[in-house]
Amino acid sequence: MHEEVRNEPLQAAPAIGRKHFLKLAFASLAGAALGLLGRGARAQSTPVRVPAPQRPWSRAEFSYPGPDGDLLGMAIRLPESAGSGLFAVCLVCPHEGCIFGYESDYEDVSDTIGVRVDHPVFLCQCHLSTFDPLKGGAVIFGPSPRPPWRFTVREESGEMVVTGVEPGVGRPG
């Protein structure tokens, strides 16, 4: 039995809109990040050092070695009214493992989730889980079963030193 093969010219793929492209890109990044996450982090013998955020609500992103790959993290400089310290979390959402972000446009977040917030928050675009850095990462909206996993950090000479991560990191659900 012989099948006939036709050599026809390739058709150009239809154009996709910016919004659809961003959704696809986000989904791809989230999938890649999930592939890097393990069942929990082990103690890290070499601390990770990055410049510490200095202004209130400024941030510093970093990666921290986990058992099966790097864990994405972010630290926020809290305002003076909250002690001016650093609040550092793993950017993997505890709900289903999506990568969440830091939203400084809190008025837009308020409109989106229907809960009034008056300062920057962490927001997962997958299912709108919203975390309040002023309340230790407490869930203020959405299906996340818990706050984000926290990193242990300290400051030394303008640097942030990441020395550990909360047990169970990267295990959503």
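Since every read-out is calculated from the coordinates, none of them should be taken as a lab result. For clarity, every value in this text was computed on a predicted model and none was experimentally measured. Cβ: placed from backbone, ideal geometry, glycine included. Neighbour counts: every protein chain shown.
Remarks
- Exposure proxy for Arg116, Arg171: other Cβ atoms within 10 Å of each Cβ, ordered fewest to most, give Arg116, Arg171.
- By the beta-carbon count within 10 Å of each Cβ, the least crowded to most crowded order of Phe87, Phe100, fewest first, is Phe87, Phe100.
- Here the relative contact order of region 105-155, from alpha carbon pairs under 8 Å that lie six or more residues apart, stands at 22 percent.
- Rounded if a/c under 1.5, otherwise prolate or oblate - region 34-165, Cα gyration tensor axes: oblate
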